[in-house]
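The values are calculated or read from the model by the stated rules, or taken from the named source; none is laboratory data. Only a predicted model underlies this, so the values are computations on that prediction, with no experimental measurement involved. Here the Cβ positions follow ideal geometry from the backbone for every residue, glycine too, while neighbour counts run over all protein chains shown. The accessibility values were calculated without ligands, DNA or RNA, using every heavy atom of the protein model including side chains. Shrake-Rupley method; radii C 1.70, N 1.55, O 1.52, S 1.80 Å.
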Amino acid sequence: MKLWGGRFETGPSEVFERFSGSLHFDKRLIDADIRGSQAFARALERVGILTADERGRIVDAFDRIRTEAQAAGFFDGATDEDVHTLVIRKLRERAGDVADKIHTGRSRNEQVSLDMRLWLREECDRARGLIADFAGALLDLAARHPDAVIPGYTHLRRAQAVLWPHYLLAYFEMLARDAERFAEARRRANVLPLGSGALAGSGFPFDREAMARDLGFEAITRNSMDVSADRDFVLDFLYAASTTMLHLSRLAEDWILYSSEEFDWLELGDGVTSGSSLMPQKKNPDSLELIRGKCGRVVGCLNALLVTMKGLPLTYNRDMQEDKEPLFEAADQVAGSLEMARVVAESITLHAERPRQAAAESWVVATDLAEALSRAGVPFHRAHQIVGKLVLESVRSGKKPAHWTAAELAAFAPEFQGPIARLLDPAEGMKSREVPGGTGPEAVAKALAEARARLSQMRV
């Protein structure tokens, strides 16, 4: 059956039906479509289109369809144009001719918008829950090595020493913002479009506020043309998903490097790695590489819908059917990647002595020395020059920071006085960085405690 056709002398060609059909991907909206149609049946009763008995028969029939749709094979053999057509066909089979009233005063344009908004609310909640799970795993990983010292990098060159928990908290902050983005995407999707008609508003006096309360929406849309044309709320979700994947990809890149033989800081569990079909010694970080690779797919989904929407005149155009596959693809990939990242984090073993040695052997303490000189009254530009020359001399002579004694430092430059030699140990210099957000041990301990308290907020 079709929801249209009176205007046409012949039906669509087989090629057009096959080309334009969307049931194979929009079938995952069936639960949202049923819930929205049940609410619309109640609205039709309130305006006198349905009797109480008819509304009851329709709502009960929808309940049966929802239950049946959970069974394997429910969609097998269906040739309906889309999920909305299938649901109406199933409704007629179970409720009879009264099913023909369910579309009174309702356009598929607003119906699609409603279904996607209902589906997206739950998907945003799922993403936030998975983000919180992964963020919690990072905090657990931090707690296993609270005092571990690692080099921090700029330009992929050793820059300054930081605590291992401080490094993980950087990703926690990214994830916290990701959770906020999904919350904002949910808020923008959580607006009821029903009552907008195809583009000009409904010709029936629906109580839109009552429909919004029925379906748990926070508000109603303000302009019927905007409803028909709007996919901003889908773009909001895709942007949130893309940014989350970007953060996961950067973390994956870090851990691929840090678990390599060249770094050898981390060891990934057997359950998240794979071997080589030829080389017996290999333990490959495939889980992380796949996360990194899937980032491109999700960013592509965002770009695809941006390009689709950029030139469309108001209001609805069939191009907009192309919103769903990128949306579903991105939702699946970000959910799978977050779950995989959590399992990887739970599997990690940190060989803490190796990054500590890397920090000790390099000149990550240089800034600590320069700032100590500055605190002692040496102008910072002069302090920078002194420490730079110390590093140059050390590189030329092959000396590491630990090779210098207090007496040798003072002989090299008289500005090196007092207990400054203790800052040659990277762990000592960090103690001066107790500003909020810094890598000082007390600041990090406080940040970890605050992060634990914030975890629950990611799910709300």
**Study point:** Per-region count, segment 24-78, residues in contact (Cβ under 8 Å) with a residue 24 or more places away in the chain and polar (S, T, N, Q)
**Key:** 2
Practice item. From (1) part of a helix (DSSP H, G or I); (2) farther than 30 Å from residue 248 by Cβ, pick out the condition that doesn't hold for residue 312. Key: (1)
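Among the residues of segment 309-316, are any within 26 Å of the chain's Cα centre (by Cα) and without any contact (Cβ under 8 Å) to a residue 60 or more places away in the chain?
Let us first name the residues in segment 309-316 that are within 26 Å of the chain's Cα centre (by Cα), namely 309-310.
In the following step, the residues that additionally are without any contact (Cβ under 8 Å) to a residue 60 or more places away in the chain were identified as 310.
Yes, because at least one residue in segment 309-316 is within 26 Å of the chain's Cα centre (by Cα) and without any contact (Cβ under 8 Å) to a residue 60 or more places away in the chain.
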Review point. Given the conditions (1) under 26 Å from the mean Cα position of the chain (by Cα); (2) assigned to a strand (DSSP E or B), and given that residue 160 satisfies all but one, which numbered condition is not satisfied?
Key: (1)
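Looking only at residues that are in a loop (DSSP other than H, G, I, E, B) and among the aliphatic types (A, V, I, L, M) in segment 343-363, which one is nearest to residue 270 (Cα to Cα)?
Filtering segment 343-363 for residues in a loop (DSSP other than H, G, I, E, B) gives 348, 351-352, 362-363.
Those still in the list that are among the aliphatic types (A, V, I, L, M) too: 348, 352.
Values: 348: 10, 352: 19 Å.
By that ranking, first place goes to 348.
Just one of 450, 434, 415, 442 is open to solvent by less than 60 Å² (accessible area, probe 1.4 Å) and either within 30 Å of residue 137 (Cα to Cα) or not in a helix (DSSP H, G or I) (or both); which is it? Please lay out each step first, then the result.
On the way: 450 fails: open to solvent by less than 60 Å² (accessible area, probe 1.4 Å); 434 fails: open to solvent by less than 60 Å² (accessible area, probe 1.4 Å); 442 fails: open to solvent by less than 60 Å² (accessible area, probe 1.4 Å).
Testing whether each residue is open to solvent by less than 60 Å² (accessible area, probe 1.4 Å) and either within 30 Å of residue 137 (Cα to Cα) or not in a helix (DSSP H, G or I) (or both) leaves just 415.
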Review point. Name the residues in segment 173-209 that are out of contact with any His (no Cβ under 6 Å at 6 or more places or on another chain), hydrophobic (A, V, I, L, M, F, W, C) and part of a helix (DSSP H, G or I), would you?
Key: 175, 176, 179, 182, 183, 185, 189
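Residues are listed down the side, and each one gets a yes or a no for (1) open to solvent by less than 30 Å² (accessible area, probe 1.4 Å); (2) farther than 30 Å from residue 177 by Cβ; (3) part of a helix (DSSP H, G or I); (4) in contact with a helix residue (DSSP H, G or I) (Cβ under 9 Å, 6 or more places away or on another chain):
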| site | (1), (2), (3), (4) |
| --- | --- |
| 74 | yes, yes, no, yes |
| 92 | no, yes, yes, yes |
| 119 | yes, no, yes, yes |
| 132 | yes, no, yes, yes |
| 139 | yes, no, yes, yes |
Study note, to complete from the structure: Going through (1) outside any helix (DSSP H, G or I); (2) free of Cβ contacts under 8 Å to residues at least 24 places away in the same chain; (3) surrounded by 18 or more Cβ atoms within 10 Å (Cβ to Cβ) one by one, residue 153 fails only at (3)
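Considering each residue of segment 330-369, count those that are polar (S, T, N, Q), over 25 Å from the mean Cα position of the chain (by Cα) and either crowded, with 24+ Cβ neighbours inside 10 Å or closer than 18 Å to residue 392 by Cα (or both), and give that number.
Within segment 330-369, the first condition is being polar (S, T, N, Q), and the residues that meet it are 333, 337, 347, 349, 357, 362, 367.
Cutting the leftovers down to over 25 Å from the mean Cα position of the chain (by Cα) gives us 349, 357, 362, 367.
Now restrict to residues that are either crowded, with 24+ Cβ neighbours inside 10 Å or closer than 18 Å to residue 392 by Cα (or both): 362, 367.
Residues meeting the conditions: 2.
Go through the residues of segment 290-308 one by one and say whether even a single one is outside any helix (DSSP H, G or I) and either out of contact with any Pro (no Cβ under 7 Å at 6 or more places or on another chain) or over 14 Å from residue 255 (Cα atoms) (or both). Full working, then the answer.
Here is the first cut: in segment 290-308, the ones outside any helix (DSSP H, G or I) are none.
Within segment 290-308, none of the residues are outside any helix (DSSP H, G or I) and either out of contact with any Pro (no Cβ under 7 Å at 6 or more places or on another chain) or over 14 Å from residue 255 (Cα atoms) (or both).
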Revision key, fill the gap. Within segment 229-263, restricting to residues that are touching a Pro at 6+ places or on another chain (Cβ under 9 Å) and among the hydrophobic types (A, V, I, L, M, F, W, C), the one that is surrounded by the fewest Cβ atoms within 10 Å (Cβ to Cβ) is 263
Check your understanding: Are there any pairs, at least 6 apart or on different chains, whose C-beta atoms fall under 8 Å, with the first in segment 108-121 and in contact (Cβ under 8 Å) with a residue 12 or more places away in the chain and the second of a type in the set (Phe, Trp, Tyr) and part of a helix (DSSP H, G or I), and if so, which?
Key -> 116/233; 117/233; 120/233; 120/237
Exercise for review: Output the number of the condition that residue 301 fails; it satisfies all remaining conditions of (1) at negative phi; (2) out of contact with any Lys or Arg (no Cβ under 8 Å at 6 or more places or on another chain); (3) of a type outside the set (A, V, I, L, M); (4) surrounded by fewer than 19 Cβ atoms within 10 Å (Cβ to Cβ).
Suggested key: (4)
**Study point:** Sole exception among (1) of a type outside the set (Phe, Trp, Tyr); (2) out of contact with any Cys (no Cβ under 7 Å at 6 or more places or on another chain); (3) within 30 Å of residue 223 (Cα to Cα); (4) outside any loop (DSSP other than H, G, I, E, B) for residue 329, by number
**Key:** (2)
Check your understanding: Given (1) out of contact with any Phe, Trp or Tyr (no Cβ under 9 Å at 6 or more places or on another chain); (2) open to solvent by 20 Å² or more (accessible area, probe 1.4 Å), where does residue 115 come up short, assuming only one miss?
Key -> (2)
